[in-house]
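S.K.: Below you'll find the structure I mean.
The values are calculated or read from the model by the stated rules, or taken from the named source; none is laboratory data. Keep in mind that what you see is a predicted model, and the values were worked out from it rather than measured. Note that we place each Cβ from the backbone using ideal geometry, even for glycine, and neighbour counts take in every protein chain shown.
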Amino acid sequence: MTNYLHNPILVVLTFLGFHGIILAMLLFFKKGNPIANRILAFKILIFSVTLLIHSFTSSTGIDHPRHHSRLLVIFIFLFGPILFLYVYSLTEDLSKFEKKSLNHFIPFFCIALYWIPTIIILKPIDFIPVLHRAVIILGIIHIFFYIFRSIKILRIYQIRIKNSFSHIERINLKWLAFLIIAYSLVWIYFSILQFLFMAPQNLIYFWLLVAIVIYTIGIFTFKQPEIFSAKKSNLAPESNQSKNKYKKSSLTEERSTVHLNRLIEKMKQDKPYLNGDLTLSGLAGALSIPIHHLSQIINERLKVNFFDFVNQYRAEEAKTMLESKKYDHLCLADIGFEAGFNSVSTFNKSFKKKFKSPPSEHQKALKSRN
């Protein structure tokens, strides 16, 4: 029998299990992104319960080593789809859970129907080793399939927000991309354990790593603002990198030229880019141009996305301010904010992209000339 109090990892896993249940409840009732929050809450809840079962069976000695593996085989087919659905619901404007999403759980139910009876019995059962390991390998392939799909959705989303917003720091979900990579590394570690036929007891470190990653995603979710407060129709069309992206567009060459001239005139005369919260839909409304046509003009005619298009003007404005004595009393950050930037990092990156040097070096060069 394992001495529970003398095994610090089991103590940590038990603490994380109870902490996860509380976190799941908080996420379930959190306002903003309700579908995404409840999907993640469900993932955290089932994982926390699994974690507590693992800790209980390990500490009481009623568990057989293969029991851990059987338990994990069931839930490995659940973790991937839930991660994918969480990312999908966070990056799309969903008002309710889509019934077709249940199709992603068919492999889980199939495996569960085969495996659950052996867990209920709670006795060592002779498995066919080859079949057992084949199901585990299939589960690993299954979860990496969904990890790659999640990363693909994130990449498409990040392209879309750059075509829709001029300020993306709070909604770019870079933290989620980083944590998905960390999640992938944890499952690579699990794969190594399986392929090297290591002892099942070593899986305790795997459980610990997965718990840390999943709960970190949950904690970051509390800081994530609601992304789509406006209607989904206000977003730029879904990105397609092929040459036929605008093949079915109703925008003619002549009308495109007229709209382009109006756009450039608007940017020069009214300076809408000084508004830090400028969006593609807002600018399209001010110009009375369909949002998909404005997006097409910026992408096709100017060869940039909306984010870079607006921040080019802001960088130009900041450069003009730096070269004017009227703004000598302002620090660099304040000049960036006055030019329409909402963050210093975007100010520095956009300025350097436009003028090949950061604003601080440009300011030093100006002072040295004077």
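S.K.: Run Tyr273 past the list (1) at pLDDT below 95; (2) surrounded by 15 or more Cβ atoms within 10 Å (Cβ to Cβ) and report the number of the one that doesn't hold.
M.R.: Every listed condition holds for Tyr273 apart from (1).
S.K.: Something else: Just name the residue that is farthest from the chain's Cα centre (by Cα) out of those in segment 89-107 that are of a type outside the set (A, V, I, L, M) and at pLDDT 90 or above.
M.R.: Pro107
S.K.: OK, next. Out of the residues in segment 318-362 that are surrounded by fewer than 15 Cβ atoms within 10 Å (Cβ to Cβ) and in contact (Cβ under 8 Å) with a residue 40 or more places away in the chain, which is farthest from Asn172 (Cα to Cα)?
M.R.: Residue satisfying both the conditions and the ranking: Glu323.
S.K.: Here's another thing I want to ask about it. Give the residue, chosen from Ile204, Ile217, that is among the β-branched types (Val, Ile, Thr), surrounded by fewer than 19 Cβ atoms within 10 Å (Cβ to Cβ) and modelled with pLDDT under 85.
M.R.: Ile204
For every residue, the table says whether it meets (1) within 30 Å of His292 (Cβ to Cβ); (2) not β-branched (Val, Ile, Thr).
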position	(1), (2)
Phe144	no, yes
Ile159	yes, no
Glu169	yes, yes
Leu173	yes, yes
Leu179	no, yes
Ile188	no, no
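S.K.: Residues of segment 131-180 being under 23 Å from Ile214 (Cβ atoms), free of Cβ contacts under 8 Å to residues at least 12 places away in the same chain and not basic (Lys, Arg), which ones?
M.R.: Leu138, Ile141, Phe148, Phe178
S.K.: With within 22 Å of Ser164 (Cβ to Cβ), at pLDDT below 95, in a helix (DSSP H, G or I) and not β-branched (Val, Ile, Thr) as the only criterion, which of Ser360, Ser281 stands out?
M.R.: On inspection, the qualifying residue turns out to be Ser281.
S.K.: Moving on to the next point. If His292 passes every condition in (1) within 27 Å of the chain's Cα centre (by Cα); (2) under 21 Å from Phe341 (Cα atoms) but one, which one does it miss?
M.R.: In the conditions (1) within 27 Å of the chain's Cα centre (by Cα); (2) under 21 Å from Phe341 (Cα atoms), His292 misses (2) alone.
S.K.: If I filter segment 301-308 for residues that are surrounded by 14 or more Cβ atoms within 10 Å (Cβ to Cβ), more than 24 Å from Ile171 (Cα to Cα), of a type in the set (Asp, Glu) and touching a residue at least 12 places away in the same chain (Cβ under 8 Å), do I get at least one hit?
M.R.: no
S.K.: Please work out if Arg155 is within 30 Å of Leu302 (Cα to Cα) and either buried (at least 20 other Cβ atoms within 10 Å of the Cβ) or not hydrophobic (A, V, I, L, M, F, W, C) (or both).
M.R.: yes
S.K.: Do we have Lys303 as within 17 Å of Met267 (Cβ to Cβ), modelled with pLDDT under 95 and either among the hydrophobic types (A, V, I, L, M, F, W, C) or not in a helix (DSSP H, G or I) (or both) here?
M.R.: It is true that Lys303 is within 17 Å of Met267 (Cβ to Cβ), modelled with pLDDT under 95 and either among the hydrophobic types (A, V, I, L, M, F, W, C) or not in a helix (DSSP H, G or I) (or both).
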